[in-house]
Amino acid sequence: MKITKPPRAPEQRKRDLLDRLEKEMDVWVATAGTDGLPCLVPLWFVWHDECLWLATRPATPTGRNLRDGGRARLALGDTLDVVLVDGDAEMYDADEVPDAAAEAFLAKTGWDPRADKAPYVYFRVRPRVVQARNGEHEMRGRYLLRDGAWVV
């Protein structure tokens with residue numbers, strides 16, 4: 001027997017989304033190289049100043065793809081309760097990252113990439129499109145942000 005709840009109101013979806021961005025630790029990061037080869041990895045993140053902040057080594061495929069392509073798709077959750085974020089990525093060296101973003105990342109993850117012996121860079125992913133749905137019955141109204149502006 002299939003049990004379905006009524007779709008959430010748009011305002012509730014946005015509240016749920018913002019709660020997830022504050023509480024969840026990992027996000028799937030999808031990028032593509034200049035050759036079109038896709039790359040998908042989980043990374044820690046923090047939601048700070050309406051952007052997602054990630055840290056990775058600059059020489060990894062993800063680091064290169066974010067730096068060179070400047071775009072990413074990020075995903076939270078499973079297929080029944082998913083958040084998809086398409087955004088523009090901007091790289092910051094560890095000594096250039098805004099202190100507030102780096103401190104927010106440290107407070108959430110307990111790790112400070114600036115203090116690591118290996119070189120790390122930060123990426124600010126500014127959302128251009130955000131979708132959130134909890135089941136197929138929420139396909140309609142799944143867009144919460146378009147063209148970088150909240151629609152809710």
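Search segment 68-90 for residues being more than 14 Å from the chain's Cα centre (by Cα) and more than 18 Å from residue 18 (Cβ to Cβ), and hand back the single one that is least open to solvent (accessible area, probe 1.4 Å).
First, the residues of segment 68-90 that are more than 14 Å from the chain's Cα centre (by Cα): 68-69, 78-81.
Then drop every residue that is not more than 18 Å from residue 18 (Cβ to Cβ), which leaves 68-69, 78-80.
Details: 68: 93, 69: 50, 78: 93, 79: 113, 80: 116 Å².
Out of the qualifying residues, it is 69.
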Selection count, segment 107-119, where residues are of a type outside the set (Gly, Ala, Ser) and either within 12 Å of the chain's Cα centre (by Cα) or open to solvent by 50 Å² or more (accessible area, probe 1.4 Å) (or both)
5
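Okay, residues lined up against (1) under 12 Å from the mean Cα position of the chain (by Cα); (2) not in a helix (DSSP H, G or I):
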{"position": "11", "(1), (2)": "no, no"}
{"position": "18", "(1), (2)": "yes, no"}
{"position": "28", "(1), (2)": "yes, yes"}
{"position": "43", "(1), (2)": "yes, yes"}
{"position": "46", "(1), (2)": "yes, yes"}
{"position": "65", "(1), (2)": "no, no"}
So residue 28 clears everything in (1) surrounded by 14 or more Cβ atoms within 10 Å (Cβ to Cβ); (2) touching a helix residue (DSSP H, G or I) at 6+ places or on another chain (Cβ under 8 Å) except one condition, right? Which one?
(2)
Quick one: what pairs do we get from segment 106-120, first residue without any contact (Cβ under 8 Å) to a residue 40 or more places away in the chain and among the basic types (Lys, Arg), second in a loop (DSSP other than H, G, I, E, B) and open to solvent by 60 Å² or more (accessible area, probe 1.4 Å), C-beta under 8 Å, 6+ apart or different chains?
114/95
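Here are 77, 141: which of them is at pLDDT below 95, touching a Lys or Arg at 6+ places or on another chain (Cβ under 9 Å) and assigned to a strand (DSSP E or B)?
Numbers: 141 fails: assigned to a strand (DSSP E or B).
Of the residues listed, the single one that is at pLDDT below 95, touching a Lys or Arg at 6+ places or on another chain (Cβ under 9 Å) and assigned to a strand (DSSP E or B) is 77.
Inspect segment 31-39 for any residue being charged (D, E, K, R) and either part of a strand (DSSP E or B) or closer than 14 Å to residue 124 by Cα (or both) and give the result as yes or no.
Initially, segment 31-39 is screened for residues charged (D, E, K, R), giving 35.
This time we only want the ones that are either part of a strand (DSSP E or B) or closer than 14 Å to residue 124 by Cα (or both), so: none.
The answer is no; no qualifying residue exists.
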Scan (1) part of a loop (DSSP other than H, G, I, E, B); (2) under 16 Å from residue 54 (Cβ atoms); (3) out of contact with any strand residue (DSSP E or B) (no Cβ under 6 Å at 6 or more places or on another chain) for the single condition residue 97 breaks and write down its number.
(3)
Failed condition for residue 132, given (1) open to solvent by less than 30 Å² (accessible area, probe 1.4 Å); (2) within 22 Å of residue 66 (Cα to Cα)
(2)
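The values are calculated or read from the model by the stated rules, or taken from the named source; none is laboratory data. Just so it is clear, the structure is predicted and the values come from calculations on it, not from any experiment. Cβ: placed from backbone, ideal geometry, glycine included. Neighbour counts: every protein chain shown. Just so you know, the surface numbers come from the protein's heavy atoms only, side chains and all, with ligands and any DNA or RNA stripped out. Shrake-Rupley method; radii C 1.70, N 1.55, O 1.52, S 1.80 Å.
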